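Structure record follows, encoded as structure tokens.
The values are calculated or read from the model by the stated rules, or taken from the named source; none is laboratory data. This one's a predicted model, so the numbers in the text were calculated from it and none came from an experiment. Backbone-built Cβ (ideal geometry, glycine too); neighbour counts: all protein chains shown. The accessibility values were calculated without ligands, DNA or RNA, using every heavy atom of the protein model including side chains. Shrake-Rupley method; radii C 1.70, N 1.55, O 1.52, S 1.80 Å.
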There are 2 protein chains.
Amino acid sequence: MARPATEELRRRNRSALLDQLHRHGPQTRAELTEALGLNRSTIGALAADLSQSGHIRETTGRSTGSAGRPSTLVECVAEAAQVAAVEIRSGLARLSVVGLGGAVLERAEAPLEADIEPLEAAATVAHLLDGAGVADAVAAVPGLVEGPIVAYSSELGWADRDFGTDLLKATGRHWRMVDTATAAAVGEWSRGDAGGSANLLYLHGGRGLTAGVIVDGRPRCGSSIALGHLVVAPEGAECRCGLRGCLEVEMGASRFAEAVETTTVAAWMGDSVARQTVRRSGECLGRALGAVVTATNPDEILFGGWLRELYLASAATVRSSLAATTLPQLRARLRLRTPALGAEGPLIGAAETGFEALIDDMR
Amino acid sequence: MARPATEELRRRNRSALLDQLHRHGPQTRAELTEALGLNRSTIGALAADLSQSGHIRETTGRSTGSAGRPSTLVECVAEAAQVAAVEIRSGLARLSVVGLGGAVLERAEAPLEADIEPLEAAATVAHLLDGAGVADAVAAVPGLVEGPIVAYSSELGWADRDFGTDLLKATGRHWRMVDTATAAAVGEWSRGDAGGSANLLYLHGGRGLTAGVIVDGRPRCGSSIALGHLVVAPEGAECRCGLRGCLEVEMGASRFAEAVETTTVAAWMGDSVARQTVRRSGECLGRALGAVVTATNPDEILFGGWLRELYLASAATVRSSLAATTLPQLRARLRLRTPALGAEGPLIGAAETGFEALIDDMR
DNA sequence: TGTCATATGTTGCTAACAGCAACAAATATC
DNA sequence: GATATTTGTTGCTGTTAGCAACATATGACA
């Protein structure tokens, strides 16, 4: 290593300080001292560094109410580092520009044509981004994502498409790629209220059905989960992917996705045909979940996208068919719930992925 | 932190050096310099520390064959830190005492009664260990292990038993607990030749059927996978666990386990009844694997215990029924094979778990 | 209103660490 | 046997975080 180890240490501490502020919001220097386990004078020096470089701002402290010299409050400067997060869906591209500390500085969205090609989608993203000066960029795509490649996406109808390179061509910059469900899982993990569980499973319902995982407190990067292509009925109908009896076909994912997009949830749930579909789909979901829970043993399952509506409408059904296919010891710890961040989860999580890389690279 | 940060840095480097030697065997100081990215003089100082404390031994260097001063060879002193690893099976407890660097210093085994109680098993372990002076102790149990608790073990017939505390009572010391499959996965990962894949799934066939996972290059600790209780036939026969159609019942796990234990593999495979059972079970395994692969997306699957024999006898069947239930994009990267360490995997991996903790605690 | 207790920021100093450069040692090559 | 080459050793340096003493700013209480 060319860099001296002492400097390395300093960088690590500096990045830890910024990370702490980014994740947990404005704090006093005294609190930072406590949180990082460093000396007051060290925190002072680190804060001076980061203040100099414009990453943080120190304001005169709020009165604590108790005796003693008031602490100076430290907070991130949102404009100091910005990350662009894009979510690609069927029919829609959404952009958020997020600042250091997690504030959303800009939003934009644009429609996408049906059956759009990756390069065209990338062009739309370029238009949305429009030269915004961001330090990192992350794209969330629903499906099986491997590095820059979208290996398979039911929702977009893409298979083995190099969307990462298309984004590079269209925007002139490198994009990190994640799958929508993993992004949402990261979002809930870092900014939602799922902080407690070390093993989190996020299910995302769109035109297809994908899953994202946090394992032992770390987002599982590098390989995503195409849960919609879990085969639940070996003799079932053929799926576009070539297999038979895929979960997303058996559950009627596209119908749900449309229903949630086009009608109000209340009207949709009132429909008697829909009600029966909901029950049947809830059952199907529960059984599929049984396999997934047995195979991955999570602490918490979150239902995102239209799965949220389905779960809310059929929680009892889901639970009982889950119970028929999992050991009680697995269910004991398991919590089922809906995401706290709603539809913003994927964008927030994607941005968070960018910030993690950014802050890590400061070391 | 009470400790100065500079000392912390030293400890980290010292532990990294020892870790490097433990994992990759004897190396010259020049190689260590390269591997750790530290300066020659730093390596010298660290080696002096560890030599002083007795953890390593420096011998006069082997002649490299090329010009230059010969390098001094550094190696772990096996006796300097020892870990006891125990594997509990139906009918048998096996012990290895492993030294720093991975050398097996002692072996012992003892029969266990059928339907043994945890406390009795712990007593047998105490007898096997017999006051050996080990720095850490790890027990591998087949089933769902959560901290000191065996939540469910088909093989031992235990449910929610506090085996960890029983071991503490019987041996007077703390035991780390892992499930057999995760231990074996760690073994293959660290000492087998699975070093390449970041996501590894190890299937262990005993009286029951469990799985262990390496995710993104890290063993997934804290929660194991009772794969035998994946429900593959909702209308199937009732299992001892209370569910219906569990994989291990449908596959006839106990019959396989017995067959492998009692007859030679060749004779067993020659049997025409067995041959049909093998085909059917291979098919069943393949379909179950489809669900697991879809839900976890591994790079590599290893078949341990009697699954090794089953896989070798029916690889084509397993592959084809796997193909019917997984996306081609998932299969593209996937490798199926048998473990390099054979039956030693669980013990080696369990010991490795202990060493990781031990070396980590030096920091 | 003033004094004291309390909590926090600041400053100068210290111990320890890793890196560096110069030197010493030990081998291969010619 | 002379030289090139690689590696270990030694003394020195720059940087770091911790510490202690001091300065600063508030609340509590008389």
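Quick test of your reading of the structure: B:Gly305 fulfils all but one of (1) more than 14 Å from every other protein chain (Cβ to nearest Cβ); (2) of a type in the set (Gly, Ala, Ser); (3) in contact with a Lys or Arg (Cβ under 6 Å, 6 or more places away or on another chain). Name the failing condition by number.
Result: B:Gly305 fails condition (3) only.
Can you name every residue in segment B:301-324 that is more than 26 Å from B:Ile88 (Cβ to Cβ) and touching a residue at least 40 places away in the same chain (Cβ under 8 Å)?
Listed by number, the list holds a single entry, B:Ala313.
So B:Val83 clears everything in (1) within 16 Å of DNA strand C (Cβ to nearest atom); (2) of a type outside the set (S, T, N, Q); (3) away from chain A (no Cβ under 14 Å); (4) within 30 Å of the chain's Cα centre (by Cα) except one condition, right? Which one?
That leaves (1) as the condition not met.
Specify the residue that is farthest from B:Leu200 (Cα to Cα); the eligible residues are those in segment B:317-334 that are away from every other protein chain (no Cβ under 14 Å) and open to solvent by 10 Å² or more (accessible area, probe 1.4 Å).
By that ranking, first place goes to B:Thr317.
Do we have B:Arg244 as away from chain A (no Cβ under 14 Å), open to solvent by 10 Å² or more (accessible area, probe 1.4 Å) and more than 18 Å from B:Thr210 (Cβ to Cβ) here?
No, not satisfied.
For B:Glu258, state whether it is outside any loop (DSSP other than H, G, I, E, B), within 12 Å of chain A (Cβ to nearest Cβ) and surrounded by fewer than 21 Cβ atoms within 10 Å (Cβ to Cβ).
Judged against the criteria, B:Glu258 is not a match.
So which helices (runs of 4 or more DSSP H) stay within segment A:1-100 end to end and still have 2 or more residues that are open to solvent by less than 20 Å² (accessible area, probe 1.4 Å), within 13 Å of DNA strand D (Cβ to nearest atom) and basic (Lys, Arg)?
none
Can you find, within segment B:1-28, the residue that is nearest to A:Leu36 (Cα to Cα) among those that are polar (S, T, N, Q) and within 12 Å of chain A (Cβ to nearest Cβ)?
The residue in question is B:Thr6.
What's the number of the only condition in (1) within 14 Å of chain B (Cβ to nearest Cβ); (2) farther than 23 Å from B:Leu247 by Cα; (3) of a type outside the set (Asp, Glu) that A:Ala288 fails to meet?
Among (1) within 14 Å of chain B (Cβ to nearest Cβ); (2) farther than 23 Å from B:Leu247 by Cα; (3) of a type outside the set (Asp, Glu), A:Ala288 violates only (2).
State all residues of segment B:206-235 that are of a type in the set (D, E, K, R) and facing another protein chain (nearest Cβ under 10 Å); if no residue qualifies, say none.
Within segment B:206-235, B:Asp216, B:Arg218, B:Arg220 meet the criteria.
List the pairs whose first member sits in segment B:29-55 and is closer than 13 Å to B:Ser15 by Cα and within 13 Å of chain A (Cβ to nearest Cβ), whose second member is assigned to a helix (DSSP H, G or I) and near DNA strand D (Cβ under 10 Å from one of its atoms), and whose Cβ atoms are under 6 Å apart, counting only residues at least 6 apart or on separate chains?
Qualifying pairs under 6 Å: B:Ile43/B:Arg29; B:Ile43/B:Leu32; B:Ile43/B:Thr33.
Can you find even one residue in segment A:127-137 that is touching a strand residue (DSSP E or B) at 6+ places or on another chain (Cβ under 6 Å), of a type outside the set (Phe, Trp, Tyr) and part of a strand (DSSP E or B)?
Yes, because at least one residue in segment A:127-137 is touching a strand residue (DSSP E or B) at 6+ places or on another chain (Cβ under 6 Å), of a type outside the set (Phe, Trp, Tyr) and part of a strand (DSSP E or B).
Just need a number here: residues in segment B:126-156 that are more than 14 Å from chain A (Cβ to nearest Cβ) and surrounded by fewer than 24 Cβ atoms within 10 Å (Cβ to Cβ).
Residues flagged as more than 14 Å from chain A (Cβ to nearest Cβ) and surrounded by fewer than 24 Cβ atoms within 10 Å (Cβ to Cβ) within segment B:126-156 amount to 12.
Can we say A:Thr33 is in contact with a helix residue (DSSP H, G or I) (Cβ under 7 Å, 6 or more places away or on another chain) and within 12 Å of DNA strand C (Cβ to nearest atom)?
yes
Need the failing condition index for B:Gly217 against (1) open to solvent by less than 30 Å² (accessible area, probe 1.4 Å); (2) touching a strand residue (DSSP E or B) at 6+ places or on another chain (Cβ under 8 Å), just the number.
It is condition (2) that B:Gly217 fails.
Kindly indicate whether B:Ala110 is more than 16 Å from DNA strand C (Cβ to nearest atom), within 26 Å of B:Gly349 (Cβ to Cβ), touching a residue at least 12 places away in the same chain (Cβ under 8 Å) and exposed (fewer than 15 other Cβ atoms within 10 Å of the Cβ).
yes
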